[in-house]
Each structure stands twice: as C-alpha cells, then as structure tokens.
Amino acid sequence: MKQLLFHPFRRIAGYSALLIGLVFMAAAALVAYCNGCHFDGALDIHTGLTNPLWSYFFEALVAWLPLVLIFFITAKLFSRSRIRFIDIAGTMAMSRWPMLPAALFCFLPMPLPGQNGNIAAGIIGVLGLLACSIWMVALMYQAYTVSAHLSGKKAIWSFVCALILSEFITKLIAVKLASVYTLNF
Amino acid sequence: MLKKLPFICPGCAAELQVRQLACTVCDTAVSGSFSLPVLSRLSEEEQQFVLDFVKNSGSLKLMAEQLKLSYPSVRNLLDDIITKINRLAPAP
C-alpha cells in the first residue's frame, strides 16, 4: 500500500497510469464542482467561486497537458535513455491523484477572504491542501525520473526548471481562458 | 549449493583473472591469465535479467509482465546493465 501511494511508478506506467490518472482527475473535477475548489495551474489548489461543470474538466486538462509537453521536451533534452511520450503522459496524470483528497479538504468550512469560517477547519484545510501539494510534487518528481531515467543533480535541476515553467505556462493559459469564457477562479 | 563465481578480489577489490583451467575427465590443466567474460562479471541479478531478456525475445513488455514492474522501470534496469557492460568492455 505504501509503495502504491508513494512509489507507484515502479509498477504502474504507460496506458494504465494514464487511465488511473484521468479517472482521478475527473473525480477531483466533479468534487471541485460541488465545493468550488480550483486546480487552475500545474501546482495551484484553492477555493473560490463556482463555475459551469465543463470548466472544471477543462481546468484539469489545462493543468496537465502543458505539463506533459514541457516535461517530455525536458526529458528529451536531459536524458540519454529512450523516452516514450505515453510514460510521461501516464505517470504525470497519475501523479495528480492527490488532487482528489485535496478537493475533499475543500469541503471543510474554511474562512474565505471577507467571509466567516471555522478557524480550526481553516488550519486543518490549509495543512491538508499543503500536504496534498507536497505529495503531488513528490509523485511528479518520481514520474519524471522513472519515465526519463534520470537521477542526481541533473534530475533535480531539470525537474525544478520544468516545474516552474509548467506552472507559469499553465497559469497563463488558465487566466487567458478565464477571461475568454468569463470564469471565476 | 551452487557456488558463486567470484570476480572481485576480497583482499584489494581488484578484478580477478582466471589462472588455471582444468579438464575434469583427464586432469589436463591449462595455465595462463584469462579475463572473465563480461557477462560473468555482472551481478547474479543482472545475469538473470539478461537471461530472461533473451528468453523473452528481447521484449521489454514481456519482461515487465514477468517482473511485475512498469515498462520504464524495466527499461531503466536494462539501461543500467548496458552502461555497466560498456564500462566493463568498452567498444573498440
């Protein structure tokens, strides 16, 4: 169980990881629709206003697809191993499964700016969201190193650069789409 | 019990060489200094991986099923063995 939660890519990758990842992303999008939580970027999780249902699935795709492309290009640049696109796409999709517990944490009555809320629930919620984000980044790092066969400083630095770039680009796309379709994040 | 073929000197950790080969039928002995084949210098697990890989017709997918590992994990194991083989026997 520990291996499945924290080191899943040793045993699962490719199409099966992609399927599992997409199911979890869809489930997280449905939960997010119920409580107004948003995943509008590679690393972003926050509560906010409710949008139409389709926009939550769109958010999930916007947060994942550019990430896959950026990590695939980075892996091609830094790795000498043969890299399959499906491995990066699948493992990166599966590494987003902590988004489901993160979305569930957003059911807690956390205090929002300008609104009243439960302070204790706020602390638990913020810690929960933080733990889920760290868990997701750790899984993303494993997804990258297993799929690209990288290790050491090269793996760490290329991962950090690709992640920052992914966050910037996914956020940019999300903000652009929000303005085009008048969505509230 | 199957004895392991040692290929590293326990005294100084240098690579061992074969000094003598003997015929078990007529007791003829051949002396000299022979290097161990590259495959015998791989670890037991690596040798088993190479054997399984050949038996599976070089299919990483079949290897992944047999070892219950993901495709990239198996490919990474193979890459590590290739790197080790290239280090042990550099291409001329």
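Where a number appears in this text, it was derived from the coordinates with a stated rule and is not lab data. Source: prediction; values computed, not measured. Because the Cβ atoms are built from the backbone with ideal geometry, glycine has one as well, and the counts that use them run over all protein chains shown.
Details
- Cα pair distances in region B:38-88, grouped into 5 Å bins until the bin that holds the longest one, percent each: 5, 22, 32, 25, 12, 3
- Cys residues of chain A that find no other Cys beta carbon under 4.7 Å: A:Cys34, A:Cys132, A:Cys161.
- Principal-axis tilt of helix A:85-94 within chain A, Cα atoms, nearest 10 degrees: 30
- Gain in span if fully extended, B:Leu2 to B:Cys23, counting 0.36 nm per residue against the direct Cα distance: 5.6 nm
- Charge tally in the Cβ shell below 14 Å around A:Gln3, where Lys, Arg are +1 and Asp, Glu are -1, A:Gln3 excluded: +4
- Charge sum, other residues only, whose C-beta stays under 15 Å from A:Lys171's C-beta, Lys/Arg counted +1 and Asp/Glu -1: -3
- Kirkwood Rh and Cα Rg combined as Rg/Rh, the protein assembly as shown: 1.17
- Counting every other Cβ atom within 10 Å of each residue's Cβ, A:Met140, B:Met63 order from fewest to most as B:Met63, A:Met140.
- Across the cross-link table entries A:Lys76/B:Lys61; A:Lys2/A:Lys154; A:Lys154/B:Lys3; B:Lys61/B:Lys84; A:Lys153/B:Lys55, which are compared at the Cα atoms, the separations over 32 Å belong to A:Lys154/B:Lys3; A:Lys153/B:Lys55.
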